[in-house]
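Below is one structure; the comments refer to it alone.
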Amino acid sequence: MTDKSESMTDVSPDIRAGRNRLAVTVILGHAVKHLFNSALPILLPLMKIDKGLSVKQYGALFTARNVTSGGTTMVAGYLGERFANRSGAMLFISLALMGVSYFLLGVAPNFFWILAAILLVGIGPSLYHPPAIASLSRKFPDRRGFAISLHGTGGS
């Protein structure tokens with residue numbers, strides 16, 4: 001029987017291939033995800049003034065985003081496992097959906113269009129974590145904690 005520390009250092013070259021590039025990409029993607037999320041509390045007050053939104057409408061926008069985000073997070077875990085072999089596609093969809101949703105938010109002419117964009121804003125970021133963490137776990141079986149902590153740093 002081999003020592004656990006010994007077996008953890010025996011990582012096949014196939015697994016090691018491209019893992020540094022994956023780590024950098026996933027960490028940068030995580031930083032972008034949190035940059036987008038951090039921008040929302042700055043953008044919405046400006047939109048409230050610019051579009052003449054009421055306090056109720058303004059509150060509804062944050063509520064809609066949080067409900068959509070929470071609901072999507074529950075589904076994202078399942079999707080992350082179901083499409084584990086396509087985690088790159090899920091990460092791309094997540095980031096693309098964030099970009100499209102914020103673009104739509106920027107050009108939305110009224111409350112209902114803003115609400116539709118906000119619903120999308122809640123979906124994109126929620127799809128990011130499951131495939132990102134799964135990808136890092138697969139590529140860094142010997143340094144899983146380190147890789148996931150770097151991912152967390154990207155979101156800080």
Once you wrap a convex hull around the alpha carbon atoms of segment 66-150, what is its projected area averaged over all directions, in nm²?
5.9
Projected onto the charge dipole of the chain (unit charges on the beta-carbon of Lys, Arg, Asp and Glu, signs +1, +1, -1, -1), the Cα from Val24, Ala89, Ala116 with the largest positive-side position is that of Ala116
Length-normalised contact order of the chain, Cα under 8 Å, at least 6 apart, in percent, tallies to 38
Relative packing of 114-127, 51-64, which averages over residues the other C-beta atoms within 10 Å, highest first
114-127, 51-64
³J(HN,Hα) across segment 102-107 via Karplus (A = 6.51, B = -1.76, C = 1.60, θ = phi - 60°), whole Hz, x for Gly/Pro?
6, 4, 4, 4, x, 9
By Cβ neighbour count within 10 Å, fewest first, Ile27, Ile42 rank Ile42, Ile27
For the residues Tyr128, Tyr78, what sequence is obtained by ranking on other C-beta atoms within 10 Å, fewest first?
Tyr78, Tyr128
Starting from the Cα of Ala84, step 7 Å along the direction of its Cβ; do the same at Ser149; then give the gap between the two resulting points in nm.
2.5
Cβ charges +1 (Lys, Arg) and -1 (Asp, Glu), total dipole of the chain, debye:
240
Please give me the summed charge of the neighbours of Leu61: other residues whose Cβ is under 11 Å from its Cβ, Lys and Arg +1, Asp and Glu -1.
+4
Any chance you could run the full-extension gain for Leu115 through Leu35? It's 0.36 nm times the residue separation minus the Cα-Cα distance, nm to one decimal.
26.8 nm
Simple Cβ-charge dipole of segment 25-89, Lys/Arg +1 and Asp/Glu -1, about Cα centre, in debye nearest 20
100
For segment 140-151, Karplus-derived ³J(HN,Hα) couplings (6.51, -1.76, 1.60; θ = phi - 60°; whole Hz; x for glycine and proline) come out as 10, x, 8, 9, 4, x, 5, 4, 6, 5, 5, 4
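None of the figures in this text is laboratory data; all of them are computed from the coordinates on show. Everything numeric here is computed off the predicted structure, so don't read it as measured data. No Cβ is skipped: glycine too gets one built from the backbone with ideal geometry, and neighbour counts run over all protein chains shown.
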